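Q: My questions will all concern the structure given below.
Just so it is clear, none of the values below were taken in a lab; they were calculated from the coordinates. It should be emphasised that the depicted structure is a prediction, and the values quoted were computed from it without experimental measurement. All Cβ positions, even for glycine, are placed from backbone atoms using ideal geometry, and neighbour counts span all protein chains on display.
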């Protein structure tokens with residue numbers, strides 16, 4: 001059955017990894033993300049959920065985990081991830097809607113969501129889904145686009161932009177592209193069942209002129225020094241947060257993994273080409289090793 005849900009920013013058919021990252025002059029931003037992840041990630045665990053995995057740019061950085069689920073709404077992004085990483089049994093590829101995650105509650109030891117929240121019109125609903133998928137006390141690494149950054153503040157003071165970086169509401173600067181205020185993100189996290197443990201201010205030098213003028217090694221060194229300033233003030237364009245799941249929540253029963261995102265039933269039958277929900281009989285295809293749990297728009 002069709003399920004109503006917020007609009008999805010779909011990267012289907014996009015060469016985002018090639019055009020934005022590999023050929024887009026963003027080595028500095030990539031290194032900055034790597035530095036932040038190294039600081040915030042748990043030392044290890046059994047199962048990690050990577051939300052908005054795309055073509056797998058960050059996946060090799062989760063070295064301490066025995067198995068990683070790469071989740072993205074775009075099938076072609078996951079196909080590119082397969083090309084980059086291979087069909088290693090350590091990786092499970094899942095195409096799904098974050099508003100209807102196809103996993104039993106309390107399954108994952110940790111989760112990450114990097115450069116993904118800024119596409120979401122309903123962050124509280126998405127974060128609640130993430131919390132449900134995590135074990136008690138699990139760690140969630142969330143990155144978000146910060147509206148309260150230095151560039152936005154200067155542009156507002158010089159009347160080059162109309163929206164205020166100081167107000168709590170999100171700003172949609174392009175269709176399905178949002179910047180968020182740090183205080184509002186903290187509120188969202190608390191409402192979803194997380195406590196914010198640590199914040200890092202990431203990629204202060206995200207300007208073409210600076211990146212062309214200063215060697216990458218020096219930028220990386222400055223990044224290492226400046227990221228901890230996020231503990232006191234959040235003025236960079238990107239904020240990384242480490243959060244812990246709090247409160248009572250179930251742990252997944254042994255042997256369970258997927259649930260039907262349509263009806264929520266967790267007894268599914270699998271063969272080489274599909275997974276079938278024994279509750280509503282909905283069939284979910286497996287396409288070249290990628291589980292496709294995407295629901296139709298409605």
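Q: Using a Gaussian network model of the chain whose springs link C-alpha atoms within less than 10 Å, name the residue from 246, 114, 267 with the highest mean-square fluctuation.
A: Looking only at 246, 114, 267, the biggest GNM fluctuation is shown by 267.
Q: In nm, to one decimal, how far is the residue 154 label point from the residue 88 one, both placed 7 Å along Cα→Cβ?
A: 4.1 nm
Q: Sorted by mean Cβ packing within 10 Å, highest first, what order do the peptides 186-197, 158-169 take?
A: Working: 186-197: 17.2, 158-169: 12.4.
Per-residue Cβ counts within 10 Å, averaged per peptide and sorted highest first, yield 186-197, 158-169.
Q: Let me have the relative contact order for the chain, percent, based on Cα pairs under 8 Å that are six or more residues apart.
A: 22 percent
Q: Further, regarding this structure: With the contact rule set at Cα under 8 Å and sequence spacing of 6 or more, what percent relative contact order holds for segment 185-298?
A: Working: 138 pairs, mean separation 24.5, N = 114.
After rounding, I find 22 percent.
Q: Using Cα atoms only, what is the angle between the long axis of helix 216-226 and the major principal axis of the chain, expressed in degrees (0 to 90) to the nearest 10?
A: Between the helix axis and the principal axis of the chain, the angle is about 90 degrees.
Q: Could you pull the Cα extents of segment 163-298 along its three principal axes, largest to smallest, in whole Å?
A: 57, 37, 33 Å, listed from the longest principal axis down.
Q: Angle check, please: helix 182-192 long axis (alpha carbons) against the longest principal axis of the chain (alpha carbons), in degrees 0 to 90, nearest 10.
A: The helix 182-192 is inclined about 20 degrees to the chain.
Q: Tilt of helix 123-133 relative to the longest C-alpha principal axis of the chain, in degrees (0 to 90, nearest 10)?
A: 50 degrees
Q: Also: Enumerate the whole-percent occupancy of each 10 Å bin, from 0 to the last occupied one, for all C-alpha pair distances of segment 229-274.
A: The distribution over segment 229-274 is 16, 27, 20, 22, 14, 1, given as percents.
Q: How many angstrom separate the Cα center of segment 22-52 from the Cα center of segment 57-136?
A: Cα centres, segment 22-52 to segment 57-136: 13 Å.
Q: Suppose only helical runs count, i.e. DSSP H with n ≥ 4. What mean residue ellipticity at 222 nm does that imply for the chain under -39500 (n - 2.57) per run, divided by all residues and rounded to the nearest 500 deg cm²/dmol? List each step's numbers first, then the result.
A: Values: 7 runs with 72 residues, N = 298.
Rounded to the nearest 500, it is -7000 deg cm²/dmol.
Q: Sort the following peptides by mean Cβ neighbour count (other Cβ atoms within 10 Å, averaged over residues), highest first: 230-241, 13-24.
A: Details: 230-241: 20.1, 13-24: 14.2.
Descending mean neighbour count gives 230-241, 13-24.
Q: Among 95-107, 247-259, how do they line up from the highest to the lowest mean number of other beta-carbon atoms within 10 Å? Working shown, then result.
A: Numbers: 95-107: 21.8, 247-259: 13.3.
Per-residue Cβ counts within 10 Å, averaged per peptide and sorted highest first, yield 95-107, 247-259.
Q: Hey, another quick one. In whole angstrom, note down how far apart the Cα centers of segment 167-221 and segment 224-268 are.
A: Using only Cα atoms to place each centre, the spacing works out to 17 Å.
Q: To the nearest 0.05, what FRET efficiency results for residue 20 and residue 272 with a Förster distance of 25 Å applied to their C-beta separation? Don't skip to the end; give the middle numbers.
A: Working: r = 34 Å, r/R0 = 1.38.
The computed FRET efficiency comes out at 0.15.
Q: I'd like the projected area of segment 1-106, averaged over all directions, using the convex hull of its alpha carbons. Report it in nm² with one decimal.
A: Details: hull surface 32.0 nm².
Mean projected area of the Cα convex hull: 8.0 nm².
Q: Turning to a different aspect of this structure: Alpha carbons only, please: Rg and Dmax for the chain, in angstrom.
A: Spelled out, the Cα radius of gyration and Dmax of the chain are 19.2, 61 Å.
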